[in-house]
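J.: Please see the structure below; I have some questions.
Values in this text are rule-based calculations from the coordinates and carry no lab data. Being a predicted model, the structure only gives us computed values, none of them experimental. Cβ atoms come from the backbone with ideal geometry, glycine included; neighbour counts cover every protein chain shown.
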Amino acid sequence: MTSQPAEHAVHKLYEYRKSLSTKPFTARGKSLRRCPRCLLGVNYCTCDYVRPLNSQAAFALVMYDDEVLKPTNSGRLIADMVPDTHAFLWSRTSVDPALLALLQHPDYQPYVVFPGEYAFEGQQVVNQVPPQALAPGKRPLFIMLDGRWREAVKMFRKSPYLHGFPLLSFDAGEVARYALRKGQRDFQFGTAEVAVMVLAAMGETNNAAVLNAWFELFVESSLLGRNRRPSSDLTPRNTLINHFQQAWQHAQTCGAGSDSDEPVS
């Protein structure tokens, strides 16, 4: 792969976070030669396949410390697919003024995507965001706390500026398919998987299927780069590429919403 997709918010935050580091960030597979954009091994780069969606959703990724530097972070996949995605570093002692401005922007209606069991007293909890739930002229802005589970809980509890917004909460009754970094609890999903559920919750089920296919391609490509799949057999990856391309074309043809009663897969 030689071409690169247009730079998005997570790319910019990645470069900014690298500039703050006094030494190179190291992770499992540090000897692997990686694409500077998707952070996958160069032999499994997915940059040529990036195709943004037509979505009414906006996302604000609030990322814990060096989360944006991790090749296994799936938050960047949201920015690959959803053009109106913003990314910020979280700090306990100060808040990025650009984040506060975004949360108060008149075009957006914010929701914090987080389990309802953590809601503060009086904080509304919803599990769907249908069009009728939005004020006239507003688009939903989904705030994603991107980090390991304990980090995400800390971020939520120590960010009082988020406590006045409704929580969008899901009852995830299945083990996360996120094979790269397992959470401590069965219902903990990768960030991109949660975004799949977010898109479905606002009725964009075709778009949700596209993001899910993009996530599955990311996981397979990551595992191949880490020698967790036979590198001589690319059929599964090629199948996932075709699946993603077909899902994306279907969403362009039929629109963001579902044209059937079938679940997202």
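J.: Is one or more of the residues making up segment 59-66 closer than 25 Å to Glu220 by Cβ and touching a Cys at 6+ places or on another chain (Cβ under 8 Å)?
T.: no
J.: Return the pairs, sorted by first residue and then second, in which the second residue is loosely packed, with under 14 Cβ neighbours inside 10 Å, the first residue lies in segment 131-144 and is over 21 Å from Val194 (Cα atoms), the beta carbons are less than 9 Å apart, and the residues are 6+ apart or on different chains.
T.: Pairs found: Gly137/Pro106; Gly137/Asp107; Lys138/Pro106; Lys138/Asp107.
J.: Of all residues in segment 101-120 being outside any loop (DSSP other than H, G, I, E, B) and of a type outside the set (A, V, I, L, M), which is farthest from His86 (Cα to Cα)?
T.: Ranking the candidates gives Glu117 first.
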